[in-house]
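The structure that follows is given in the form of structure tokens.
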Ligand SMILES: Cc1ncc(C[n+]2csc(CCOP(=O)(O)OP(=O)(O)O)c2C)c(N)n1
């Protein structure tokens, strides 16, 4: 393995480990009843975010959804401020107004996440339009789930992006579920999201979203083409959410997944998959993990020590 | 003789479930549809067991497509079915405003009364536990503003059951607004499938000094306040509106003219609210009967923040209601806080509510 390859692997692994460990810590501490907002974890879905993290520039834009922790972190969002936001503290990235579902860090181009399915898709397209009008050589990443492709606004936004050849990358994480509803209950069996996108005039690619390397290569190629003026593209990452839809727990006992489905995805855990297929120096892994642990502990300390916003500030920010 | 049911207790959620089940059993045209309708959770328990009983052509989940699914339900209703649609949050339903307002609410009128749209849309209003700006909105005044829509706001298990039955039977589109803090409230509910009458308020407490107009969850807070007020020698009418459109104006006017004092509670934002409409009508039609200026308690004109730190005092609760009432009566507020302890933590209806939504 060449040094360049191993460093790509290392960067992907480090990015995924960081996201995983952050969310694992949220899960572990959720029952303390101090993170008083819904949380949607991406445990199992870290690879697309990690792939983007290696390709995105700070001046690129990104928007995401209710399940946005990974995307915020991968785009360079500040960890301490994210945790503080989940704790509802004034040091939070949205000053305690938005919670886990409303993360933003404009200093790194992360322009917000929305709790309404499909809501941020056109916003991401608008960011792409601004890049084009301002002739900036950047792209706009729009993270969305398979469920969001059922909203009319997805079609309308993709149409406009195609019409104007906007520098927008639709990052569709297809985890097969919208809450507890499988794709089978929502879309005809023969339907492929990539084909829908193509029919709308948006070139589209499918990739194993649990294969971090393949995801990275795909994102890198697509982004390079879009930066060169090729217009929008959609990447469909086939992946799986390992934990419950909303909250910290496992939920396989609810029986909405097919028997064996979770187990088979656990075998394809993106972190495990990369570890198994690469050569990583155990010492490097240990020190990387330790650094992440230290960073996370500091972030939770920051969050806990940050005060709640003063109720007197309630009316601030309603208008600019 | 049917089993005596005077003492049968159901939760608000179970009462909704029972009403839906009874309506579906009695009428094969009733459908139950919406994201989560067949989930393990069954929309907070309200749709549990229905798919097993009535099958997947009448009870089904669907794509995340609120606007299309609403229009599809309108079409189904035009063709003689009675869909009951559910949405886990009112906020999600905002994507369906075109089909609600331009189709559902207009079809009957626009074609000269040739069509009916017997569609019931259940919307859950999420509150507290960091539900935040887009999972907590109560836009009841918006809906009540649209001619052609009916807006129902139950506050108790029995009303949940009987008003839902009435909504399903009604030949018009009806929005049924369920406050998330009510789902676990339990009370007596008759077994019989007896519909209530839409447009009729209920006097939940009777008194000559002050009229408190409430609806939905705020009725519970009003009753707590009024029970305390009675120990202070203040006797209040608590009028639980039950429907916001049509609104029971005769009941509002009668109580206001009896007491001459009016306090209107509203769980929507103050500006442009239902409470504004009520105060306006009472003031313009009964001005000379009033002994003091009408007052309102509503949500501030501010999106609901997630932070527990910001949520203190955000929601109207019994302590505030009692204080406002005493102030109207010119009485001291001194010991209100002692008797109506502000809930802790402020972002939950009680200990049983432990997140994540
Ligand atoms: C407009 C709207 N409808 C419904 C919901 C409820 N909801 C929250 S997350 C979710 C699942 C969406 O699935 P998908 O887009 O695939 O994202 P995932 O949760 O799988 O990441 C749904 C239906 C919502 N938030 N907004």
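Scanning the stretch A:146-200 for residues that are in a loop (DSSP other than H, G, I, E, B) and within 10 Å of chain B (Cβ to nearest Cβ), which turns out farthest from the ligand (Cβ to nearest atom)? If you could, list the steps in order and put the result at the bottom.
Going through the stretch A:146-200, the residues in a loop (DSSP other than H, G, I, E, B) turn out to be A:146, A:151, A:164-167, A:175-176, A:179-180, A:186-192, A:200.
Still in the list and also within 10 Å of chain B (Cβ to nearest Cβ): A:146, A:151, A:179-180, A:186-187.
Values: A:146: 4, A:151: 7, A:179: 5, A:180: 9, A:186: 9, A:187: 11 Å.
Among residues in the stretch A:146-200 that are in a loop (DSSP other than H, G, I, E, B) and within 10 Å of chain B (Cβ to nearest Cβ), the one farthest from the ligand (Cβ to nearest atom) is A:187.
Among (1) away from chain A (no Cβ under 14 Å); (2) crowded, with 20+ Cβ neighbours inside 10 Å, which single condition is residue B:355 missing?
Against the list (1) away from chain A (no Cβ under 14 Å); (2) crowded, with 20+ Cβ neighbours inside 10 Å, residue B:355 comes up short only on (1).
For the stretch A:104-122, what are the residues that are more than 16 Å from the ligand (Cβ to nearest atom) and outside any helix (DSSP H, G or I)?
Start the filter on the stretch A:104-122 by keeping residues that are more than 16 Å from the ligand (Cβ to nearest atom), which leaves A:104-111.
Hits for the stretch A:104-122 are A:104, A:105, A:109, A:110, A:111.
Something else about it: Restricting the stretch A:259-273 to residues that are out of contact with any helix residue (DSSP H, G or I) (no Cβ under 6 Å at 6 or more places or on another chain) and part of a helix (DSSP H, G or I), which is farthest from residue A:11 (Cα to Cα)? Spell out how you get there, then give the answer.
First, the residues of the stretch A:259-273 that are out of contact with any helix residue (DSSP H, G or I) (no Cβ under 6 Å at 6 or more places or on another chain): A:259-261, A:263-269, A:272-273.
Subsequent filtering for residues that are part of a helix (DSSP H, G or I) retains A:261, A:263-267, A:272-273.
Numbers: A:261: 29, A:263: 27, A:264: 26, A:265: 23, A:266: 22, A:267: 22, A:272: 15, A:273: 15 Å.
Top of the filtered list is A:261.
For the stretch A:106-118: of the residues being surrounded by fewer than 24 Cβ atoms within 10 Å (Cβ to Cβ) and in contact with a strand residue (DSSP E or B) (Cβ under 9 Å, 6 or more places away or on another chain), which is nearest to the other protein chains (Cβ to nearest Cβ)?
So in the stretch A:106-118, the residues surrounded by fewer than 24 Cβ atoms within 10 Å (Cβ to Cβ) come out as A:106-109, A:111-112, A:114, A:116.
The next check asks that each one be in contact with a strand residue (DSSP E or B) (Cβ under 9 Å, 6 or more places away or on another chain); those that pass are A:106, A:108-109, A:111-112, A:114.
On the way: A:106: 18, A:108: 22, A:109: 22, A:111: 16, A:112: 11, A:114: 7 Å.
This residue is A:114.
Working only within the stretch A:204-256, note down all residues that are within 13 Å of the ligand (Cβ to nearest atom) and more than 21 Å from residue A:68 (Cα to Cα).
Of everything in the stretch A:204-256, just one residue is within 13 Å of the ligand (Cβ to nearest atom) and more than 21 Å from residue A:68 (Cα to Cα), namely A:256.
Here is a follow-up. Suppose we filter B:216, B:207 for residues that are in contact with a strand residue (DSSP E or B) (Cβ under 7 Å, 6 or more places away or on another chain) and either farther than 25 Å from residue B:90 by Cα or surrounded by fewer than 20 Cβ atoms within 10 Å (Cβ to Cβ) (or both); which single one remains? Steps first, please.
Values: B:216 fails: either farther than 25 Å from residue B:90 by Cα or surrounded by fewer than 20 Cβ atoms within 10 Å (Cβ to Cβ) (or both).
Sole residue among the options that is in contact with a strand residue (DSSP E or B) (Cβ under 7 Å, 6 or more places away or on another chain) and either farther than 25 Å from residue B:90 by Cα or surrounded by fewer than 20 Cβ atoms within 10 Å (Cβ to Cβ) (or both): B:207.
Working carefully through the options A:84, A:14, A:74, find the one that is within 16 Å of the ligand (Cβ to nearest atom) and either buried (at least 23 other Cβ atoms within 10 Å of the Cβ) or more than 14 Å from chain B (Cβ to nearest Cβ) (or both).
Values: A:84 fails: within 16 Å of the ligand (Cβ to nearest atom); A:14 fails: within 16 Å of the ligand (Cβ to nearest atom).
Testing whether each residue is within 16 Å of the ligand (Cβ to nearest atom) and either buried (at least 23 other Cβ atoms within 10 Å of the Cβ) or more than 14 Å from chain B (Cβ to nearest Cβ) (or both) leaves just A:74.
Sticking with this structure for a sec: Quick one: how many residues across the stretch B:45-65 are within 13 Å of chain A (Cβ to nearest Cβ) and in contact with a strand residue (DSSP E or B) (Cβ under 7 Å, 6 or more places away or on another chain)? Walk me through it before giving the result.
First, pick out the residues of the stretch B:45-65 that are within 13 Å of chain A (Cβ to nearest Cβ): B:47-48, B:51, B:56, B:59-65.
Of the ones still in play, those that are also in contact with a strand residue (DSSP E or B) (Cβ under 7 Å, 6 or more places away or on another chain) are B:47, B:51, B:59-62, B:64.
Summing the residues that are within 13 Å of chain A (Cβ to nearest Cβ) and in contact with a strand residue (DSSP E or B) (Cβ under 7 Å, 6 or more places away or on another chain) in the stretch B:45-65 gives 7.
For the stretch B:73-96, how many residues meet the condition of being within 16 Å of the ligand (Cβ to nearest atom) and more than 14 Å from chain A (Cβ to nearest Cβ)?
The initial filter retains those residues of the stretch B:73-96 that are within 16 Å of the ligand (Cβ to nearest atom), namely B:73, B:85-96.
Okay, now just the ones that are also more than 14 Å from chain A (Cβ to nearest Cβ), so B:73, B:85.
Residues in the stretch B:73-96 being within 16 Å of the ligand (Cβ to nearest atom) and more than 14 Å from chain A (Cβ to nearest Cβ): 2 in total.
Next up: Which residue, of B:342, B:346, B:269, is within 19 Å of the chain's Cα centre (by Cα), under 26 Å from residue A:36 (Cα atoms) and either within 13 Å of chain A (Cβ to nearest Cβ) or surrounded by 15 or more Cβ atoms within 10 Å (Cβ to Cβ) (or both)? Before you say what the answer is, go through the steps one by one.
Numbers: B:342 fails: within 19 Å of the chain's Cα centre (by Cα); B:346 fails: within 19 Å of the chain's Cα centre (by Cα).
Sole residue among the options that is within 19 Å of the chain's Cα centre (by Cα), under 26 Å from residue A:36 (Cα atoms) and either within 13 Å of chain A (Cβ to nearest Cβ) or surrounded by 15 or more Cβ atoms within 10 Å (Cβ to Cβ) (or both): B:269.
Also, I was wondering about something else. Anything in the stretch A:123-145 that is crowded, with 19+ Cβ neighbours inside 10 Å and within 16 Å of the ligand (Cβ to nearest atom)? List them, or say none.
Scanning the stretch A:123-145 gives A:124, A:141, A:142, A:143, A:144, A:145.
This table checks each residue for (1) crowded, with 22+ Cβ neighbours inside 10 Å; (2) assigned to a helix (DSSP H, G or I); (3) within 14 Å of another protein chain (Cβ to nearest Cβ); (4) out of contact with any strand residue (DSSP E or B) (no Cβ under 9 Å at 6 or more places or on another chain).
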site	(1), (2), (3), (4)
A:206	no, no, no, no
A:213	no, yes, no, yes
A:223	yes, yes, no, no
A:231	no, no, no, no
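A further question on this structure: Going residue by residue through the stretch B:287-307, is there one that turns out to be buried (at least 17 other Cβ atoms within 10 Å of the Cβ), out of contact with any strand residue (DSSP E or B) (no Cβ under 6 Å at 6 or more places or on another chain) and outside any loop (DSSP other than H, G, I, E, B)?
Scanning the stretch B:287-307, I find no residue that is buried (at least 17 other Cβ atoms within 10 Å of the Cβ), out of contact with any strand residue (DSSP E or B) (no Cβ under 6 Å at 6 or more places or on another chain) and outside any loop (DSSP other than H, G, I, E, B), so the answer is no.
Okay, next question. For the subset of the stretch A:277-320 comprising residues that are within 14 Å of chain B (Cβ to nearest Cβ) and under 25 Å from the mean Cα position of the chain (by Cα), which member is surrounded by the most Cβ atoms within 10 Å (Cβ to Cβ)?
My answer is A:303.
Still on this structure: Select from the stretch A:276-296 the residues that are farther than 11 Å from residue A:14 by Cα, in contact with a helix residue (DSSP H, G or I) (Cβ under 8 Å, 6 or more places away or on another chain) and assigned to a helix (DSSP H, G or I) and write down the one among them that is modelled with the lowest pLDDT.
This residue is A:277.
Let me ask something else. Return the residue satisfying two criteria in turn: it lies in the stretch A:163-178 and is closer than 15 Å to residue A:203 by Cα and buried (at least 22 other Cβ atoms within 10 Å of the Cβ), and of such residues it is farthest from the chain's Cα centre (by Cα). Show your work before the answer.
Residues of the stretch A:163-178 closer than 15 Å to residue A:203 by Cα: A:163-172.
Retained after the next criterion (residues that are buried (at least 22 other Cβ atoms within 10 Å of the Cβ)): A:166-172.
Details: A:166: 21, A:167: 19, A:168: 16, A:169: 13, A:170: 12, A:171: 9, A:172: 10 Å.
If we take residues in the stretch A:163-178 being closer than 15 Å to residue A:203 by Cα and buried (at least 22 other Cβ atoms within 10 Å of the Cβ), then A:166 is farthest from the chain's Cα centre (by Cα).
Something else about it: Go through (1) over 28 Å from residue A:225 (Cα atoms); (2) more than 14 Å from every other protein chain (Cβ to nearest Cβ); (3) at pLDDT below 95 one by one and return the number of the condition residue A:25 breaks.
Failed condition: (3).
What's the number of the condition residue B:99 fails, among (1) surrounded by fewer than 24 Cβ atoms within 10 Å (Cβ to Cβ); (2) away from chain A (no Cβ under 14 Å); (3) out of contact with any strand residue (DSSP E or B) (no Cβ under 7 Å at 6 or more places or on another chain); (4) assigned to a helix (DSSP H, G or I)?
(2)
Can you tell me which condition residue A:185 does not meet? The list is (1) in contact with a helix residue (DSSP H, G or I) (Cβ under 6 Å, 6 or more places away or on another chain); (2) surrounded by fewer than 21 Cβ atoms within 10 Å (Cβ to Cβ), and all the others hold.
The number of the failed condition is (1).
Quick one: residue B:323 ticks every box in (1) modelled with pLDDT of 90 or more; (2) within 14 Å of chain A (Cβ to nearest Cβ); (3) over 18 Å from residue B:138 (Cα atoms) bar one, so which box is it?
(2)
The values are calculated or read from the model by the stated rules, or taken from the named source; none is laboratory data. Predicted model only: the values in this text are computed from it and were never measured. FYI the Cβ positions are ideal-geometry reconstructions off the backbone, even for glycines, and counts take in every protein chain you see.
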